[in-house]
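Peer 1: One structure coming up, written as structure tokens, with questions to follow.
The values are calculated or read from the model by the stated rules, or taken from the named source; none is laboratory data. Here the structure is a predicted model, which means the values were calculated and not measured. Using ideal geometry, Cβ is built from the backbone for each residue, glycine included, and neighbour counts are taken over all protein chains shown. To get the accessible areas, we keep the full protein, side chains included, count just its heavy atoms, and leave off ligands, DNA and RNA. Shrake-Rupley method; radii C 1.70, N 1.55, O 1.52, S 1.80 Å.
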Amino acid sequence: MTTPRPTPLSADDARRIALRAQGFLGGADRRGGGVRGVLRHLGAVQLDTISVLARSHELVPYARLGAVGRKTVDDAYWTDTHAFEYWSHAACILPIEEWPHFAFRRRAYRNRPHWNHDLPDGTYDQVIKQLRTEGPLTATELGGAKKTSEWWDWSGTKVAVERALMYGEVVCVERRGWKRVYDLAERAIPGALRHDELDDTECVRRLVRLAGQSLGVGTRADIADYHRLKGEQFDAVIADSGLVPVTVEGWGKPAWADPAALETAPRGRHRTTLLSPFDSLIWERARTERIFGFTHRLEAYVPKPKRVYGYFAMPVLAGGRLVGRVDPAREGRTLVAKQVSLEGAKAVPAVAEALVEAASWVDCTDVRVERVDAPHLREPLVKELARALA
């Protein structure tokens with residue numbers, strides 16, 4: 001069998017393909033299906049505890065759809081069995097259709113020889129019995145999430161229900177006040193999907209194909225990292241994944257693309273928006289640098305004196321480029337841009353537009369700028385904000 005000759009792509013081709021695949025280019029396609037459409041399109045929406053403007057799983061559909069209500073976002077994820085939470089790129093919300101594809105990971109957890117937390121005798125069975133009898137419950141309602149105030153000091157109940165979650169016997173069916181709400185998989189997952197029939201190779205093959213579709217184009221590391229697969233798992237299935245080889249100008253590494261992404265040139269309207277650092281467009285730093293020439297990292301866990309761009313600096317996407325960063329905060333009805341960095345004066349209107357839309361989304365009526373890394377751009381940004389807010 002002859003290996004297909006890689007399709008050559010320019011760096012701009014690859015960037016636009018990635019933007020379209022991630023839902024930032026092409027208005028009609030982007031709006032189709034609303035929040036649930038975004039989730040199915042991306043295949044995984046990462047969760048995180050940090051909430052500045054909103055939590056990351058709310059910011060992801062906002063970045064693509066605009067000012068969709070936060071309750072609308074949560075309802076779209078959790079009502080009528082459209083999603084479940086599991087370990088993918090990290091803790092992620094996943095489309096319910098993907099349940100069978102994670103059978104390989106559930107099996108791996110069941111076969112895991114050791115755990116970081118001890119499980120008291122009988123606790124696992126008791127948790128399953130309580131969920132069967134009482135319906136969906138949080139760890140607190142099951143008997144307590146922690147033994148002490150330390151976040152890592154889990155109670156036996158919490159250990160049991162989290163283990164059941166990893167095994168696939170229990171499912172997180174929603175987040176309530178950021179607490180997981182657990183239910184039995186036999187109730188929460190539709191019967192046609194509730195199986196582990198796919199072998200490990202088939203699970204990985206499907207996830208590689210889906211990751212390639214969600215990325216549009218990517219290297220081995222890009223595609224494997226989407227659902228945190230191992231490189232050797234990728235290597236074993238790529239030939240049968242349905243993805244096709246490409247070469248991308250300046251990448252220096254082999255790459256693969258979704259063949260459907262190569263059929264038509266990406267066209268349409270670009271979004272101008274703030275991005276969560278956990279957004280799948282930019283969650284992998286090396287890929288972000290390769291595609292956008294933009295270096296970014298989350299500094300929330302960096303000691304304050306060592307931060308360069310701020311606690312939760314959000315990249316600004318405009319015209320298909322990353323044109324700056326904003327570290328936001330909220331004070332009453334004011335959105336505060338604590339620190340702003342701009343990729344030159346041409347970025348000022350886009351950053352102002354992104355800030356004003358974000359302020360409106362979180363019910364703020366004003367925007368205040370504190371620090372701009374290029375001081376001479378502070379006044380133009382303030383003036384542009386005043387004009388946009390008028």
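Peer 1: Mind scanning 71/346; 71/146; 179/304 and naming the pairs with a C-alpha gap bigger than 31 Å?
Peer 2: Values: 71/346 35 Å; 71/146 29 Å; 179/304 28 Å.
With Cα atoms farther than 31 Å apart: 71/346.
Peer 1: Can you compute the charge dipole magnitude of the range 102-257 about its Cα centre, using +1 on each Lys and Arg Cβ and -1 on each Asp and Glu Cβ, nothing else charged? Give it in debye, rounded to the nearest 20.
Peer 2: 260 debye
Peer 1: Between residue 331 and residue 195, what is the spin-label point distance in nm, taking each point 7 Å from the Cα along the Cα→C-beta axis?
Peer 2: 5.9 nm
Peer 1: Classify the chain from the C-alpha gyration tensor, please: rounded if a/c falls under 1.5, else prolate or oblate depending on whether a/b exceeds b/c.
Peer 2: Values: a/c = 1.97, a/b = 1.24, b/c = 1.59.
Cα axes put the chain in the oblate bin.
Peer 1: Using only the Cα atoms of the range 261-390, build the gyration tensor, take square roots of its eigenvalues as a ≥ b ≥ c, and label the shape rounded, prolate or oblate: rounded if a/c is under 1.5, else prolate if a/b is larger than b/c, else oblate.
Peer 2: The shape class here is oblate.
Peer 1: So how much accessible area does residue 280 have, in Å² to the nearest 10, using a 1.4 Å probe?
Peer 2: 10 Å²
Peer 1: Please report how far the C-alpha centroid of the range 76-107 lies from that of the range 314-357, rounded to the nearest whole angstrom.
Peer 2: Each part reduced to its Cα centre gives a spacing of 32 Å.
Peer 1: Separate question: Taking the Cβ-Cβ separation of residue 265 and residue 115 as r and a Förster radius of 51 Å, what is the calculated FRET efficiency to the nearest 0.05?
Peer 2: Given R0 = 51 Å and the Cβ-Cβ separation, E is 0.55.
Peer 1: On to the next question. Rounded if a/c is under 1.5, else prolate if a/b is larger than b/c, else oblate: which is the range 314-378, with a ≥ b ≥ c the root eigenvalues of its Cα gyration tensor?
Peer 2: oblate
Peer 1: Please tell me the relative contact order of the range 1-132 in percent, rounded to the nearest whole number, where contacts are Cα pairs under 8 Å and at least six residues apart.
Peer 2: Details: 98 pairs, mean separation 24.5, N = 132.
Rounded, it is 19 percent for the range 1-132.
Peer 1: Measuring from centroid to centroid over Cα atoms, what is the spacing of the range 191-231 and the range 124-139 in Å?
Peer 2: After rounding, the separation between the Cα centres reads 31 Å.
Peer 1: Could you look at the range 103-260 and say what percent of its accessible area is carbon and sulfur, using a 1.4 Å probe and all protein chains? Walk me through the numbers on the way to the answer.
Peer 2: Working: 3870 of 7840 Å².
Using a 1.4 Å probe with all protein chains present, the range 103-260 comes out at 49 percent carbon and sulfur.
Peer 1: Next question. Please sort 368-379, 296-307, 221-232 by packing, taking for each peptide the average over its residues of neighbouring beta carbons within 10 angstrom, highest first. Please list the in-between numbers first.
Peer 2: On the way: 368-379: 14.7, 296-307: 12.1, 221-232: 18.2.
Peptide ranking by packing, descending: 221-232, 368-379, 296-307.
Peer 1: Convert each backbone phi in the range 168-184 into a coupling constant with the Karplus relation 6.51 cos²θ - 1.76 cosθ + 1.60 (shift: θ = phi - 60°), then list the ³J(HN,Hα) values in order as whole Hz, x for Gly and Pro.
Peer 2: So the J values, rounded to whole Hz, are x, 7, 10, 10, 7, 9, 5, 10, 10, x, 6, 8, 5, 10, 9, 8, 6.
Peer 1: Can you give me the relative contact order of the chain as a percent, contacts being Cα pairs under 8 Å and 6 or more apart? Before the final figure, lay out each step's value.
Peer 2: Values: 684 pairs, mean separation 68.6, N = 390.
Over the chain, the number comes to 18 percent.
Peer 1: Provide the FRET efficiency to the nearest 0.05 for the residue 11-residue 108 pair, computing r from the beta carbons and using R0 = 35 Å. Could the numbers behind the result be given before it?
Peer 2: Numbers: r = 37 Å, r/R0 = 1.06.
The computed FRET efficiency comes out at 0.40.
Peer 1: Sticking with this structure for a sec: Build a GNM of the chain with springs between Cα atoms under 10 Å: which of 315, 277, 190 gets the top mean-square fluctuation?
Peer 2: Highest fluctuation among the options: 190.
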